[in-house]
Structure formats: structure tokens, C-alpha cells
Amino acid sequence: MTGSTSAPDELTIALAQLHVEAGNVTANLERALEAIEQAAARGADLVALPELFSVGFFAFDRYDELAEPVEGETLTRVREAAADAGVAVLAGSIVEDLAATESVPTPADEGLANTAVLFDADGNRKLAYRKHHLFGYESAESELLVPGERLETASVCGMTVAVTTCYDLRFPELYRRFVDDGADLLLVPSAWPYPRIEHWETLSRARAIENQCYVATINGSGHFPEADATLLGRSTVYDPWGVPLASSGEEPSLITCELEPGRVDSVREEFPALDDRRVGRQE
């Protein structure tokens, strides 16, 4: 199958809230590939996977061992699955070996990054996003990884898509930048743990409301004994008014939701709050 180049009246997005095992790349990747196939069978145009879906966010002691370049096996198999199923796929993120990556400019000559890659329905890479804000609170992420520098958007199924990752949700200026660049769908792969449910739900909804765009948060599911951490799930799609359109619970699930590519423009025309900005507005 190959993807259509015409803009649809609706875009069906699928959020694959996967069970993630620390360090078990083989099993985690198979779950991801199965979810892509299932989502395509349900009519999805775009499938989104969680943050570090293949490695597990809390497997800090395995990052070096399991790091791959953008051209590595994990993303190659996701790219092939996207093309085979005829569906765009956000590979939530991998631990990237910056020294080994060849096809994408890197923020450093060596080191590791938390890198999400978006493929279209023909398996073409549309963008690569490296997590900008690295978590330091009781976490080794900020010590182990290099922050991203590049900000890209991509046209997918009639919408302009941008990607941010998990902790990025706490930095609204990043989302304003993407909105100024034309984004109307923000994808947020995450590994958000208990107990911060209120932060997860409030920040995600706020990013949708203040930017008047769709926000889809894709969390993982599972417990990480080595870090005494449990992912809280609750992957959700918010519309440009901040209304939840679809949401999961804590357990692994695959949820789908229809988005309207023209909805963002109509909301911004009806309630033109972005036109009233006085600070940080790009002319």
C-alpha cells in the first residue's frame, strides 16, 4: 500500500499505549509493529508510539548498550512497517547514538539523544526531533543525553505536525514556536509516571487551549522496578478548545480518534486569541 497525497476531510490518529519492558528491545519492538498493523486495520492514517518505546525510559544503565543510529534496525523496521501498512508512524523515540547517525544533522559529534522520528505512509522520514528539555529531577536523563537543537514541522495527511517529548510539556515557549511555524497538530510521546497525574492532564490540555491546536499525548504503560516507577498511561487527544476527544486508562491500549484538518483554522477565526499576543509574537 502507499499513502494518498490528497488532503483528507478527516485524519484518523491512533495512539499506541504500549506495555514497555526495560531493556527488552525485541519484545517492545514486536509490540510496536503489531500496534502499527492493528491501527492500519482500523483505518488509521497516523499511528503514534510512546517515548523510548523500544528501550524503556528508566533503563538508564542500558542506554549505552542499546543506543542506535537513526538508520538502525529499530527505526528501519518501523519505517518498513509504515510503508507496508500504508500509514504514517511517529516512532515515539529511541536512544540515538549520535556518532553513528549519518543521514540527519546531529547536535554533537558523539553522545546519546532521545530521538523521535516521523515517517509518512510511504516510509519516508519526514522529521527527526530530539528531546530539548532533559529531566533532571530524580532522573539520570539530563546526565546521559545531549539535548536537541533542531525544530521541524512536517505535512502529514493534510495537517502540519510537530513533535515534542514528555518533559517538554512544561515549557510552553517551545509550543508557541511550533505554532508560529504553522503547526496544527502537536504529538507528545511520553514516559510519564505516577504520581503526577494532575500535571500530565493539565499541562497537555493547557498546550491545546493556549495554542488552539490539536494535542495528542502518547504515554506508555508498565512498571520499572529498578526505578520504582510506574507509567500512568492516560494517552489523550485534545481538540483546539482543549476538549478531550479520546483517552485511555492505565493499561496497554490502542485508541483512535478522528481529527478535522480545518478545525484549527475555524477555532482560531471564531476566537482569535493568538492575534492578541503582545510578547514573543513573530512578525
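Given (1) free of Cβ contacts under 8 Å to residues at least 60 places away in the same chain; (2) under 26 Å from C257 (Cα atoms), where does G72 come up short, assuming only one miss? (2) is the only condition that G72 fails.
Yes or no, residue by residue, for (1) open to solvent by 30 Å² or more (accessible area, probe 1.4 Å); (2) within 16 Å of the chain's Cα centre (by Cα); (3) among the aromatic types (F, W, Y):
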site	(1), (2), (3)
A22	yes, no, no
N28	no, no, no
R31	yes, no, no
L49	no, yes, no
A59	no, no, no
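When the range 157-173 is filtered for residues that are open to solvent by 10 Å² or more (accessible area, probe 1.4 Å) and free of Cβ contacts under 8 Å to residues at least 60 places away in the same chain, the ones remaining, listed by number, are T160, Y167, R170, F171, P172.
Applying the set (1) surrounded by fewer than 14 Cβ atoms within 10 Å (Cβ to Cβ); (2) out of contact with any Pro (no Cβ under 6 Å at 6 or more places or on another chain); (3) touching a residue at least 24 places away in the same chain (Cβ under 8 Å) to L203 leaves exactly one unmet item: (1). For first residues located in the range 240-265 and at negative phi and polar (S, T, N, Q), partners that are surrounded by fewer than 18 Cβ atoms within 10 Å (Cβ to Cβ) and at pLDDT below 95 and lie 6+ apart or on another chain with Cβ distances below 9 Å do not occur. For V117, indicate whether it is under 18 Å from E152 (Cβ atoms) and out of contact with any Leu (no Cβ under 9 Å at 6 or more places or on another chain). No; evaluated as a whole, the condition is false for this residue. Scan the range 210-230 for residues that are farther than 22 Å from S54 by Cβ and crowded, with 17+ Cβ neighbours inside 10 Å and the total you get is 5. Being acidic (D, E), in a helix (DSSP H, G or I) and without any contact (Cβ under 8 Å) to a residue 12 or more places away in the chain is not true of E138. If you go through the range 68-83 one residue at a time, do you hit one that is open to solvent by less than 30 Å² (accessible area, probe 1.4 Å) and within 22 Å of L232 (Cα to Cα)? For the range 68-83, residues open to solvent by less than 30 Å² (accessible area, probe 1.4 Å) and within 22 Å of L232 (Cα to Cα): absent. For the range 248-281, the tally of residues that are open to solvent by less than 70 Å² (accessible area, probe 1.4 Å), in contact with a Ser or Thr (Cβ under 8 Å, 6 or more places away or on another chain) and assigned to a strand (DSSP E or B) stands at 5. Can you tell me which residue is farthest from A81 (Cα to Cα) among those in the range 93-118 that are open to solvent by less than 10 Å² (accessible area, probe 1.4 Å), hydrophobic (A, V, I, L, M, F, W, C) and in a strand (DSSP E or B)? Going through the qualifying residues, I end up with A113.
The values are calculated or read from the model by the stated rules, or taken from the named source; none is laboratory data. Computed from a prediction, not measured in an experiment: that's the story for all the values here. Here the Cβ is made from the backbone with ideal geometry for all residues, glycine too, and neighbour counts use every protein chain on show. Protein only, heavy atoms only, side chains kept; ligands, DNA and RNA dropped before computing areas. Shrake-Rupley method; radii C 1.70, N 1.55, O 1.52, S 1.80 Å.
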